[in-house]
1. Say whether the condition of being more than 27 Å from C:GLY79 (Cβ to Cβ), hydrophobic (A, V, I, L, M, F, W, C) and surrounded by fewer than 18 Cβ atoms within 10 Å (Cβ to Cβ) is met by at least one residue in the stretch D:124-144.
2. Looking at A:GLY63 and the list (1) loosely packed, with under 15 Cβ neighbours inside 10 Å; (2) free of Cβ contacts under 8 Å to residues at least 24 places away in the same chain; (3) of a type outside the set (Ser, Thr, Tyr), which single condition is not satisfied?
3. Give the stretch B:72-121 a look and list any residue that's among the basic types (Lys, Arg) and more than 9 Å from every other protein chain (Cβ to nearest Cβ), or say none.
4. What single numbered condition from (1) within 30 Å of C:ASP152 (Cβ to Cβ); (2) outside any helix (DSSP H, G or I) fails to hold for C:TYR54?
5. Being within 10 Å of chain D (Cβ to nearest Cβ), out of contact with any Gly (no Cβ under 6 Å at 6 or more places or on another chain) and not aliphatic (A, V, I, L, M) narrows it down to one of E:PHE164, E:PHE150, so name that one.
6. Tally the residues that are assigned to a helix (DSSP H, G or I) and within 18 Å of F:MET177 (Cα to Cα), restricting the search to the stretch F:82-107.
7. Take the conditions under 22 Å from E:LEU174 (Cα atoms), in a helix (DSSP H, G or I) and either among the hydroxyl-bearing types (Ser, Thr, Tyr) or in contact (Cβ under 8 Å) with a residue 40 or more places away in the chain (or both) and apply them to D:ASP154. Does it pass?
8. Output the number of residues of the stretch E:71-111 satisfying the condition of being touching a Phe, Trp or Tyr at 6+ places or on another chain (Cβ under 6 Å), charged (D, E, K, R) and touching a residue at least 40 places away in the same chain (Cβ under 8 Å).
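The values are calculated or read from the model by the stated rules, or taken from the named source; none is laboratory data. Just so it is clear, the structure is predicted and the values come from calculations on it, not from any experiment. Cβ sites come from the backbone with ideal geometry, for glycine too, and all protein chains shown count toward neighbours. Surface accessibility is based on the protein's heavy atoms, side chains included, excluding ligands, DNA and RNA. Shrake-Rupley method; radii C 1.70, N 1.55, O 1.52, S 1.80 Å.
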There are 6 protein chains.
Amino acid sequence: MGHPISRYPVPSLADLDDDIRRRILEVQEKAGFVPNVFLTLAHRPDEFRAFFAYHDALMDKEGGLSKAEREMIVVATSGANDCLYCVVAHGAILRIYAKNPRVADQVAVNYRKAEITPRQKAMLAFALKVATDSAALEDGDYDAARRHGFTDEDIWDIGAIAAFFAMSNRIANLIAMRPNDEFYLMGRVPREKK
Amino acid sequence: MGHPISRYPVPSLADLDDDIRRRILEVQEKAGFVPNVFLTLAHRPDEFRAFFAYHDALMDKEGGLSKAEREMIVVATSGANDCLYCVVAHGAILRIYAKNPRVADQVAVNYRKAEITPRQKAMLAFALKVATDSAALEDGDYDAARRHGFTDEDIWDIGAIAAFFAMSNRIANLIAMRPNDEFYLMGRVPREKK
Amino acid sequence: MGHPISRYPVPSLADLDDDIRRRILEVQEKAGFVPNVFLTLAHRPDEFRAFFAYHDALMDKEGGLSKAEREMIVVATSGANDCLYCVVAHGAILRIYAKNPRVADQVAVNYRKAEITPRQKAMLAFALKVATDSAALEDGDYDAARRHGFTDEDIWDIGAIAAFFAMSNRIANLIAMRPNDEFYLMGRVPREKK
Amino acid sequence: MGHPISRYPVPSLADLDDDIRRRILEVQEKAGFVPNVFLTLAHRPDEFRAFFAYHDALMDKEGGLSKAEREMIVVATSGANDCLYCVVAHGAILRIYAKNPRVADQVAVNYRKAEITPRQKAMLAFALKVATDSAALEDGDYDAARRHGFTDEDIWDIGAIAAFFAMSNRIANLIAMRPNDEFYLMGRVPREKK
Amino acid sequence: MGHPISRYPVPSLADLDDDIRRRILEVQEKAGFVPNVFLTLAHRPDEFRAFFAYHDALMDKEGGLSKAEREMIVVATSGANDCLYCVVAHGAILRIYAKNPRVADQVAVNYRKAEITPRQKAMLAFALKVATDSAALEDGDYDAARRHGFTDEDIWDIGAIAAFFAMSNRIANLIAMRPNDEFYLMGRVPREKK
Amino acid sequence: MGHPISRYPVPSLADLDDDIRRRILEVQEKAGFVPNVFLTLAHRPDEFRAFFAYHDALMDKEGGLSKAEREMIVVATSGANDCLYCVVAHGAILRIYAKNPRVADQVAVNYRKAEITPRQKAMLAFALKVATDSAALEDGDYDAARRHGFTDEDIWDIGAIAAFFAMSNRIANLIAMRPNDEFYLMGRVPREKK
């Protein structure tokens, strides 16, 4: 295609520190390819380590939010920030977790029209306020989330995921991170049963 | 699914005037299903006729813009207006015309990062100014488009398509028009050769 | 004056198709002059036909909105879009229908301060949301309109007029359509009785 | 009409201090009526005196800007601030000074489309930046104005008028100051010669 | 420092009219230095007189707002307008009146997080609406302020102070008025008792 | 004061894991107090570790940006995001690194008026675009930074710091993190020489 995956140099696997290479090989094993966020951020090893430690702390934990709901937050706020990499890559993950081939496109464009529950719409309303106008957060916003059954710890999760991807989106835009072609189709076609 | 395709009543084919029913049957014949915009707008027959007459005058004509380029304008401006129906439905059409399974998602999120030509980026910059700040259009905007080889008639087309979908997006949002499930996958998987 | 009425060529009456020339002569007969929207859009005959078919379907129909109210929507949303042609031309028509020489200037600048009813203010609040933030429309907006007695069909009319002039405003700005001098004074001075 | 001219009490002429009453009678003598800004601000005598002293210092002085140009700044920035009183009242004054019945409506909606000189458009571009984004003023803005022949003192005038009406517009909106009916027609009809 | 205190010439005390020089010497006597607003505005004597007459009418009067509360309005709205001079100079005055070394920084950045009363937060919410969106003021805004015990005259004060500094901020930005170094520390360190 | 330092529970030192307690005691040793960001984020140990690992990777590294310049980016972007904690805490650090008691207040309000170099203004212009409109970043933005001598690695640093504090600001706003009283005065008074 000729479009580079980053404005910055992308290291080869051989040149990476062991822990970073191991992480990348693990994700390749699991996904079948290496998402570009791993290769492009590896240009800065310390930032790479902190980035994925933070990501895992927020996205791989147990708690009141399902994995699909966490990804919904990512896709909705990345849509608001016009971040191509995050909308496409996390859209793929959302489709898989939610087992719904339409929900990612819906949430990226306008969550109010998405095939999701009222509780999930309240979650995204809170997340989008964190993403776009966090200084104006006030008691009423927390109360609205609590009325849908979210605990205060859930609300931290919602807000922290929106905050983490406020950073991710800006880094992806900064380095013009390109989504892998594989993401566009993932989760859209039912897997054949074996 | 339980999600209606419109906030308003949707007429049955049998109740429609002949010319409207004929148009709907033609599109069904061609696409294999009836896009919801035809069914939902048929609630208002005179508006239906004017809407599609206008659409065809802008989208089906000859001229300096390819069919894929016309659809790019639709998808980019509909993304800016957060219109789910238009992003999903015209995204499908764009993928097919452009023979590119990624370009619609790219243009809907951020045309600056899309796999398109500099000329197409200039076209979308002009279209987005019409969509979001038309009162500020000035000579420099027309000159920038001309420098990429667009004629004045091409520029009318670019602006008029952006204007027409400024209307379409608002009507779709007004009636909460739901995209057909079929659109989400169209143009994403290479057709099998027979 | 030296200011052209369009950035694009304006056809002469003699060169127009019969149906378009007839429409123009009719409006000239009725108004005493030809509003520039007819001459400038005639550069594109098919778009001209669809434009006025759509306009008439929305503005000349029966229904819960008076003709003055329909024009109020045009003037308020055109003010929000900074469209000179539409504010001036439809301001004139609004003054005549409303038999009020002040209401158009009021509605164009700030409908909250206009000499109109609370019901009309609710109508314009809905129309302006369609004009400026249609993706955020939600049940509460429709309920607010219903509380003032608008039916769902009235609400379609309100929204569709706002949507149609979202297009009109952008086309007028695109081609720099100039309002006829006649409009500025129309409806401001009481007609002499004969 | 039933619409009060202010949200606040309006003093009667008899209750005013001599200097304020004298000023009001003078303007009545000259204009044939008392503009509501005089009556409504008289509720606060000290603010009234400072307001008009400031107004006169900026609007009645000699300098590189004509009286019509000063009023253009008022109308354009008041349009941007959606201030009904100032658009209508100063629109009337602008029409009279400019001897042009159309220019006020043009400048209030979109100065780019107005029948004014390129120098006047540059003046209004500077004024609108002061009105809407003064923190971003930079050397280039002053240079652009100087290129059209404005001196640094002219630029102070342009900016200070925009600043003064940033205040005026907000006060008028605060107290819901209603424009006198007389203003709407002033300067629109050629005076009969005697 | 090399940074001038204004883009415009600053007159020397000797060249000023008596009344202006007297005012400046008075403030110097009281504050120990001459705030730059006095020196820079003295370039335009008539505007200087009106400016300070207006300032005094709003800031030095008796009424329902304490002196600290008036300065809070100045600091909060000047923060919203990104006016360096007003945030720094009035921040100093606010710290002194409020006898709180933190409150000015808090109010300048985000009044919702400041160590102030709910009544003061309601005051600042009203003031900020006047500063940033006065055309949208409606009955509900006045009612919200009244519920916190503000009289209608207090509300005029709140709004008029916000309006006056809408002007001040723009003038300070226009002439790039530099705050005196003295202001930065004033009110931050407890005065030694004698 | 009665204002809690977080909306969430704050763990006591005794309850913390060793590595976190050690980090907190180190900073206390160095600063003389524990900045609230350490105590409030300790509620989530894994996020705490990732947060400070990321912070250190960006703020404590060698490179083309001085420590003062890195803090300028933090203060300017936190000002744009209205984040009280970050403006106050990092403002203190900036004053100390820059050995300038005024620069933090200047940069927080309007960097264009700050006592900094043209190169630093270009750095902040880039950082603010990352903070507020990263999707619109284009070649010209990078070129503008390069013209001031920034390398591509410096530009990554500028953008990544702006991105990291886009996250920090949102987390601080989410939990209503209160700045320690100590920060307000730090770096404002020259240290006495011993």
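1. yes
2. Just one mismatch for A:GLY63, condition (2).
3. If we filter the stretch B:72-121 for residues that are among the basic types (Lys, Arg), which is where we start, we get B:95, B:99, B:102, B:112-113, B:119, B:121.
B:ARG95, B:LYS99, B:ARG119, B:LYS121, listed by residue number.
4. The one condition C:TYR54 does not meet is (2).
5. Numbers: E:PHE150 fails: within 10 Å of chain D (Cβ to nearest Cβ).
Unique residue meeting the criteria: E:PHE164.
6. The first filter runs over the stretch F:82-107 and keeps only residues assigned to a helix (DSSP H, G or I), leaving F:84-98, F:103-107.
The next check asks that each one be within 18 Å of F:MET177 (Cα to Cα); those that pass are F:84-93.
Result for the stretch F:82-107: 10.
7. Numbers: under 22 Å from E:LEU174 (Cα atoms): yes; in a helix (DSSP H, G or I): yes; either among the hydroxyl-bearing types (Ser, Thr, Tyr) or in contact (Cβ under 8 Å) with a residue 40 or more places away in the chain (or both): yes.
Yes.
8. Total meeting the criteria: 0.
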